[in-house]
Amino acid sequence: MSSITLSRYLIEQTRNFNTPADLRFLIEVVARACRQISHEVSLGALGGVLGSMGTENVQGEVQKKLDVLSNDILLEANEWGGHLAGMASEEMEQAYQIPGKYPKGAYLLVFDPLDGSSNIDVNVSVGTIFSVLRCPNGHNGKGDLSEEAFLQKGTEQVCAGYAIYGPQTMLVLTLGNGVKGFTLDPHMGNWVLTHDNIRVPEQTAEFAINMSNQRHWEAPVKRYVSELLAGKEGPLGKNYNMRWIASMVADVHRILTRGGIFMYPRDAREPEKPGKLRLMYEANPMSMIIEQAGGAATNGTQRILDIQPDSLHQRVAVFLGSKEEVERITAYHNQA
Ligand code: AHG
Ligand code: MN
Ligand code: MN
C-alpha cells in the first residue's frame, strides 16, 4: 500500500508543477477541516449533532445542525492563515470577509460545507465540496471584498475537491492535472493516496436521477430517460441500472469509481430557477473533477465550466459523468 500522504503529494506538485506554497497550505487547511467534520459526522447522536437548527439558509432550506457546524469549522480553519482574500458558502448569503486582525492572501474559497443534508439523520453518506479561485487583482487589505470577485467561470478554478464521509472518509482532489483520491486513516490522522489516477469510463450502463420529478421534466430529459428505461429493446439497445443517493458527493463518487451519468435537470416545479444545484460550489467543482477524470459536464446545452456566473448562489441544471451519455443528452437538448 502506498504511503504517499496528502502533504507529500502536494510537495511533489510544487516540485513538478510549481504549485505555490500558499495554495498547498490552503489545501492542507481545508483537508484538516474536513477531517474535523468527518469526526463530528461520525459521532452522530453521540455528539448531539443530528437534527435541525430551526433556521433557514439563504436558499430557504432548513439548516441542519451539522450544516452550520461544518460551515463554522471551515471558516475558523481558513480565516487566520493569510492564504485567503475571502470565502463564500451555501450557508451564508454574502461573502465572508477575512477579519481585519488577520492577513489576507491571493485566493478565494467557495464551499458547500455539508452536501446531502437530507441524508445526515439517516446515516447515509454526505460530504463537503470546495472550489478555489484566484482573487482578481489580489485584495488590497482595505474595504470589503465584493461578490463580483467570486463571479468567475469554472475554467478559472485552480483547485477543486470534495470530502466524502461514508464507510471510509476520502478526499478527492484536482489541481488541473488529473484526479487523486486520498483515504483518511482515522487512527493516524493522515490522508493517504489510495486512488492515483481516477478515470471515468467513457461508456456506462448506469444513470442517476430523481425519478419522482419525471412529470416536471423538459422534453429532451423525458425522451432520454424513457430510452434508458426501454433497455435492450429500446433505441439504445442495452439495459441500464439506476441509483439515486440524493447526496451529490456520493453519486459523483460512484460515477468516478465505476462510471455513470448524473442528472439534476431544470424542471417545471420552479420554472424561474434553472435547476436545483448551485453553480459555484456544487456544479463547478464537480465538473472540473469529472472533466479532469476524462468525463464531461453540461447544463444540457453548454459546458458548465464555461458559464459566466451572475450571482453567488446561482442554480444550474447538471448532466455529468461518462462522456458518451453526457454527449447524448446534450445533443437531445440541442435538437429540441
Ligand atoms: P444540500 O444538502 O447541500 O442542499 O445538497 C443536496 C443536493 C444534492 O446533494 C443532491 O444531489 C440533491 O440535492 C438531491 O435532491 P432531491 O432531494 O431533490 O433528490
Ligand atoms: Mn449540496
Ligand atoms: Mn449543503
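The values are calculated or read from the model by the stated rules, or taken from the named source; none is laboratory data. Keep in mind the model is a prediction, meaning the values are calculated, not measured. Ideal geometry is used to build each Cβ from the backbone, glycine not excepted, and the neighbour counts take in all protein chains shown. Accessible surface areas use protein heavy atoms only, side chains included; no ligands, DNA or RNA. Shrake-Rupley method; radii C 1.70, N 1.55, O 1.52, S 1.80 Å.
Net charge near Glu12, counting Lys/Arg +1 and Asp/Glu -1 over other residues with Cβ under 13 Å of its Cβ?
Details: positive: Arg8, Arg15, Arg24, Lys180; negative: Asp196.
Result for the local shell: +3.
Can you give the Kirkwood hydrodynamic radius of the range 177-336 from its Cα pairs, in Å with one decimal?
16.3 Å
Can you list residues from other chains, or at least 5 along the same chain, whose modelled amide H is less than 5 Å from the amide H of Asn190?
Those lying under 5 Å, H to H, from Asn190 are Asp185.
Can you give me the % of accessible surface on the range 206-335 that is carbon or sulfur? Probe 1.4 Å, all protein chains present, nothing else counted.
After summing per-atom areas, the C and S share lands at 47 percent.
Is the shape of the range 194-265 rounded, prolate or oblate, going by the alpha carbon gyration tensor and its root eigenvalues a ≥ b ≥ c, with a/c under 1.5 for rounded and a/b larger than b/c for prolate?
Oblate.
Which whole-number percent gives the relative contact order of the range 6-195, counting Cα pairs below 8 Å spaced six or more residues apart?
15 percent
Relative contact order for the range 257-315: what is it in percent, counting Cα pairs under 8 Å that are at least 6 residues apart? Write down the numbers at each step before the final one.
Details: 46 pairs, mean separation 20.4, N = 59.
Normalised by residue count, the contact order of the range 257-315 is 35 percent.
When the chain is modelled as a GNM with alpha-carbon springs shorter than 10 Å, which of Met248, Met53, Met280 fluctuates the most?
Evaluated over the chain, the most mobile residue of the options is Met53.
Using a 1.4 Å probe, how large is the accessible area of Arg199, given in Å² and rounded to the nearest 10?
130 Å²
Between Pro235, Pro220, Pro136, find the one with the highest GNM mean-square fluctuation for the chain; connect C-alpha pairs within less than 10 Å.
Comparing Pro235, Pro220, Pro136 in a Gaussian network model of the chain, the most mobile one is Pro235.
Going by alpha carbons, how many degrees (0 to 90, nearest 10) lie between the helix axis of 6-17 and the longest principal axis of the chain?
The angle comes out near 90 degrees.
Under 5 Å between amide H atoms, partner at least 5 residues away or on a different chain: which partners does Asp267 have, H built in plane at 1.01 Å?
Gly275
Using the Cα gyration tensor of the range 6-195, with a ≥ b ≥ c the square roots of its eigenvalues, what is the shape: rounded (a/c below 1.5), prolate (a/b larger than b/c) or oblate (neither)?
It comes out oblate by the Cα gyration axes.
With springs connecting C-alpha atoms under 10 Å apart, model the chain as a Gaussian network and identify which of Leu133, Leu173, Leu43 has the largest mean-square fluctuation.
Leu43
Given axes a ≥ b ≥ c from the Cα gyration tensor, I'd like to know whether the range 9-61 is rounded (a/c under 1.5), prolate (a/b larger than b/c) or oblate.
oblate
With the Cα gyration tensor of the chain in hand, give its eigenvalues times 5 under a square root as the equivalent ellipsoid semi-axes, listed largest first in whole angstrom.
Values: eigenvalues 195, 97, 86 Å².
Those come to 31, 22, 21 Å.
Taking the DSSP beta bridges in the range 58-131 as the whole, what percent of them are antiparallel, to the nearest 5? Display every interim value, and only then the final one.
Details: 6 of 11 bridges.
Of the beta bridges lying entirely in the range 58-131, close to 55 percent run antiparallel.
In the range 6-195, carbon and sulfur make up what percent of the accessible area (probe 1.4 Å)?
After summing per-atom areas, the C and S share lands at 48 percent.
Before I look further, what does the chain give for accessible area per residue, probe 1.4 Å, in whole square angstrom? Walk me through the intermediate numbers first.
Details: 14260 Å² over 336 residues.
Each residue of the chain exposes 42 Å² on average to a 1.4 Å probe.
Apply the Karplus curve 6.51 cos²θ - 1.76 cosθ + 1.60, θ = phi - 60°, to the phi angles in the range 235-247 and return the couplings in whole Hz, x for Gly and Pro.
Residue by residue, the range 235-247 yields x, 8, x, 8, 7, 10, 9, 10, 9, 8, 8, 6, 10 Hz.
Around Ala106, what is the net charge, scoring Lys/Arg as +1 and Asp/Glu as -1 over all other residues with Cβ under 9 Å from its Cβ?
Around Ala106, the surrounding residues sum to +1.
Treating the beta-carbon of each Lys and Arg as +1 and of each Asp and Glu as -1, no other charges, what is the dipole magnitude of the range 186-281 about its Cα centre, to the nearest 20 debye?
Dipole about the Cα centre, nearest 20: 140 debye.
Order the following by accessible area, largest value first: Trp191, Trp244, Trp80. Probe radius 1.4 Å; ligands, DNA and RNA are ignored.
So the residues, ranked largest to smallest area, are Trp80, Trp244, Trp191.
If I histogram all Cα-Cα distances within the range 269-334 using bins 5 Å wide from 0, what percent of pairs lands in each bin?
Bins of 5 Å from zero give 4, 20, 29, 25, 16, 6, 1 percent of pairs.
At 7 Å along the Cα-to-beta-carbon direction for both Ser118 and Met188, put a label point, then send me their distance in nm to one decimal.
In this crude label model, Ser118 to Met188 measures out at 3.9 nm.
Starting from the 7 Å offset along Cα-to-Cβ, what nm value, one decimal, do you get for the label separation of Arg243 and Gln59?
With each label point 7 Å from Cα toward Cβ, the separation is 2.2 nm.
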